[in-house]
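Inspection log for the structure reproduced underneath, given as structure tokens.
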Amino acid sequence: MEKLTKDFWTTKYQVNDIGWDIGEVSTPLKKYFDQLTNKNLKILIPGCGNAYEAEYLFNHGFKNITLIDFSKIALDNFSNRTPEFPKNQLINDDFFSHYNTYDLIVEQTFFCAINPELRKEYAKKMHQLLNKNGRLVGLLFNIELNKDKPPFGGNKKEYITYFEPYFNIEIMEIANNSIIPRSNTELFIKLIKK
Ligand SMILES: C[S@@+](CC[C@H](N)C(=O)[O-])C[C@H]1O[C@@H](n2cnc3c(N)ncnc32)[C@H](O)[C@@H]1O
């Protein structure tokens, strides 16, 4: 398999090969965000891409948001759309090299983009990046996808093996409000740090 490096992802944005980009906050996450009352939550969005989730949160009063992506182009796109967002909260680096702690981490087509061999590492890293009672919330594909390049699929049974050692699985169910092209193909997850 091709190495999924910073260059790999940067090229995707350069040539506009970004089929995953839905152009707006995903509906299940919007619904989740809308019921959050604590605007001071410290939030991380790794593999944020063009970061519509961050734009939505920021425009709805959440200010303590950190974004990480391999692609500077994607972060610049976000910054141009959201000029008030503090530049020092944009990190152009590898998620796996990041150290800090958060109350909420948002997953939106990042897990499916990493090499499946790193899935165990992803679960461990998410655990490390969360504060006590912190949550990992978002969407995971629940279908077979590519074997040799992103997006990589999977299923609930497999995902439980990665997350159960580190999280209490409060929700891992087929989302009932996905965008139409992803209808019945993604699990909404809410995992609480053990
Ligand atoms: C499939 S895209 C999803 C982007 C965005 N979440 C969305 O839904 O539009 C995956 C993103 O993760 C980023 N990425 C992949 N591996 C990464 C890593 N190890 N560290 C930081 N970013 C990474 C890529 O640059 C890309 O923007």
Worksheet entry | Check on ASN50, more than 12 Å from the chain's Cα centre (by Cα) and outside any strand (DSSP E or B) | no
Practice prompt. Considering only residues that are more than 30 Å from ASP17 (Cβ to Cβ) and either among the basic types (Lys, Arg) or free of Cβ contacts under 8 Å to residues at least 12 places away in the same chain (or both), look in the stretch 145-175 and name the one that is surrounded by the most Cβ atoms within 10 Å (Cβ to Cβ).
Written response: GLU164
Fill in: Filter pass, ILE73 being under 26 Å from ASN176 (Cα atoms) and touching a Ser or Thr at 6+ places or on another chain (Cβ under 7 Å)
no
Worksheet entry | Lone unmet requirement of (1) within 11 Å of the ligand (Cβ to nearest atom); (2) without any contact (Cβ under 8 Å) to a residue 60 or more places away in the chain; (3) over 21 Å from GLU170 (Cα atoms); (4) outside any loop (DSSP other than H, G, I, E, B) for GLU121 | (3)
Worksheet entry | Checklist (1) part of a helix (DSSP H, G or I); (2) of a type outside the set (Val, Ile, Thr); (3) open to solvent by 70 Å² or more (accessible area, probe 1.4 Å) applied to ASN16, failing item | (1)
Fill in: Failed condition for ASN133, given (1) modelled with pLDDT under 95; (2) outside any strand (DSSP E or B); (3) not charged (D, E, K, R)
(2)
Discussion item. Take the conditions buried (at least 20 other Cβ atoms within 10 Å of the Cβ), at pLDDT 95 or above, within 15 Å of the ligand (Cβ to nearest atom) and among the hydroxyl-bearing types (Ser, Thr, Tyr) and apply them to SER79. Does it pass?
Written reply: no
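The values are calculated or read from the model by the stated rules, or taken from the named source; none is laboratory data. Every value quoted in this text rests on a predicted model; they were computed, and no experiment measured them. Positions of Cβ are backbone-derived with ideal geometry, glycine not excepted, and every protein chain shown enters the neighbour counts. Only protein heavy atoms, including side chains, enter the accessible area calculation; ligands, DNA and RNA are left aside. Shrake-Rupley method; radii C 1.70, N 1.55, O 1.52, S 1.80 Å.
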